[in-house]
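To start, the structure itself, in structure tokens.
Read-outs: derived from the displayed coordinates by stated rules, not from any lab. It should be emphasised that the depicted structure is a prediction, and the values quoted were computed from it without experimental measurement. Heads up, the Cβs are rebuilt from the backbone with ideal geometry, glycines too, and the neighbour counts pull from every protein chain shown.
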Amino acid sequence: MSHAVRNTLILLIVLILFSATGYVYLHYYQAPEIKELTVQLDEKKRELEQNKQVASQFTAISESYREASEYFNNYDKALYSSSNEDNVYDFLNTLNAGQSYNNFNFAFTDSVLQPKYGVLNMEITGDGQYRNVVNFIRRIERSKPLNKVKNVTLTPILEDDKYNWVEYSFNLESYYDRSKILDKPTFDIFQGTYASLHNPFFPLVRDNFKPNTAELVDVRKSRLVALSTKRVFLIDQSGVMQQIEIGEKVYLGKLSSINLNNKTATFTLNQGGLVERETLKVNNTNN
């Protein structure tokens, strides 16, 4: 056999071995990996298409979220951000000022859980001027945090200088957020209060009068001695000459009018809730 034929056979054998080895490698090793990568590629393509669809909706979703957040933050009511009862106490303490000021006590009772919100139950007691207590409760209910006032009781304090005061108690339900979906809202305070408010517990007629600590003229214990168009002259309860002008205060009232023709002076007095007129005449004659 010639060298040329032998070399040709050797090269042919090597080529066959390379081909066989390559076929085995590609068929038994590369093919499964290629198949697996093809499956992964298809999954990535599907995932890419889904992400593209989501991305195409981003602007609309973002605008919807902005509108929902704005609506939530500007709604008349809002939930407390947590179940910490100190948040409720701090808020009540903020309300307790000016024409809403009173002496209140705060006692936490329990908490009730719901899927997306919870309710803190408290008992509030205290005392203060009737007007201030009403303003305090009114601001609790009408401010932005969602609070519900229940079982209100009011008891008048029948003591000197405290006829406008009441003792009170009520149950307070405060709602807080558990879902944490939207931003934390602002807690706006209702500013409307009553400067003057009728107290239905105020006794219209009272047996005891305020003592005359300012030593004003006691008309019923005084004697009218002279008068002019705008003022009167009288001897008061202590025997001292006093002059009183129209509209000026006396004990339990004021000088309301002067009649020169009849030589009389009329005083309007509040006798423990009963308004009466007391008329004095020169020479100490009472009508």
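Annotation note: GluC sites (Glu not before Pro) in segment 189-261 located in DSSP loop regions with a Cβ neighbour count of at most 16 within 10 Å are GLU215, GLU248. Full extension of the chain between THR229 and GLU33 gives 58.5 nm of extra length, using 0.36 nm per residue less the Cα-Cα distance.
Extent of segment 85-177 along its three principal axes (Cα atoms, max minus min coordinate, largest first): 51, 22, 18 Å.
Summary of packing: across the peptides 95-105, 119-129, the per-residue average of other C-beta atoms within 10 Å ranks them, highest first, as 119-129, 95-105. Between GLU276 and ASP90, the contour length at 0.36 nm per residue exceeds the Cα-Cα span by 62.1 nm. From most to least packed by mean Cβ count within 10 Å, the peptides 45-52, 84-91 give 84-91, 45-52.
Taking the Cβ-Cβ separation of THR268 and LEU154 as r and a Förster radius of 35 Å, what is the calculated FRET efficiency to the nearest 0.05? Efficiency, rounded to the nearest 0.05: 0.65.
Over 18 Å between Cα atoms: which of LYS221/LYS254; LYS210/LYS249; LYS230/LYS263; LYS77/LYS184; LYS162/LYS210; LYS150/LYS184 fall into that group?
LYS150/LYS184, as the Cα separations exceed 18 Å there.
Provide, for q = 0.18, 0.20, 0.25 Å⁻¹, the log10 of I(q)/I(0) from a solvent-free Debye sum over equal Cα point scatterers in segment 219-286. Summing over Cα pairs of segment 219-286 leads to -0.57, -0.71, -1.12.
3J(HN,Hα) along segment 84-95: 7, 5, 4, 4, 5, 4, 4, 5, 4, 5, 5, 5 Hz, from the Karplus curve 6.51 cos²θ - 1.76 cosθ + 1.60 with θ = phi - 60°, whole Hz, x for Gly and Pro. Computed from backbone phi, the HN-Hα couplings of segment 229-241 come to 5, 10, 8, 10, 10, 8, 9, 7, 4, 9, x, 9, 5 Hz, rounded to whole numbers (Karplus: 6.51 cos²θ - 1.76 cosθ + 1.60, θ = phi - 60°; Gly and Pro given as x).
Sparsely packed loop sites in segment 136-170 (the GluC sites (Glu not before Pro) outside DSSP H, G, I, E and B with at most 11 other Cβ atoms within 10 Å) comprise GLU159.
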